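Just below is one structure, and these are the notes that go with it.
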Amino acid sequence: MTSDPEGWFDDAAGPVVRPYAMTRGRTRSSSEEKLDLIALVVAEDRSEGEDDGLEDAVFPHTLSPEHVDIVELCRAEPMSVAEIAAELDLPVGVVRVLLGDLLDAELVRVSRPVPPAQLPDERILREVINGLRAL
């Protein structure tokens, strides 16, 4: 390190990969499916005859290390999009693009959160709470 306050310290910072490099410049997923922050991602089960490793996946030439990391994380347990981003220390937008690639390759599946129209009305929930308090 030098004593020059205006010097660049890239070597000390370590390797830096810009998010657009991980997604090949894409900002949106090729998959049309909307990936909410709380949507759960589950790795697809491999058939018994296939190798357990992702090296022999259907699209081996398109899988980056980040794709493999996502599948391995979701193979252990279902994770939300936000949890995956936090675990891999990647921006959510990058994770959404990578998940779109994995959805297209059928290596993961996404279960959506309950739509707001199917949630109970707030008024009903307040009445239940008031009824419980009255007991």
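Bear in mind that the values in this text are calculations on the coordinates, not laboratory data. Because the structure is a prediction, the values reported are computed rather than measured. All Cβ positions, even for glycine, are placed from backbone atoms using ideal geometry, and neighbour counts span all protein chains on display.
The table for this structure:
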| read-out | value |
| --- | --- |
| Additional length obtainable on full extension of the chain from ARG28 to VAL42, 0.36 nm per residue less Cα span | 3.0 nm |
| Sites VAL128 and ALA76 - FRET efficiency at Förster radius 30 Å, r taken between beta-carbons, to 0.05 | 0.25 |
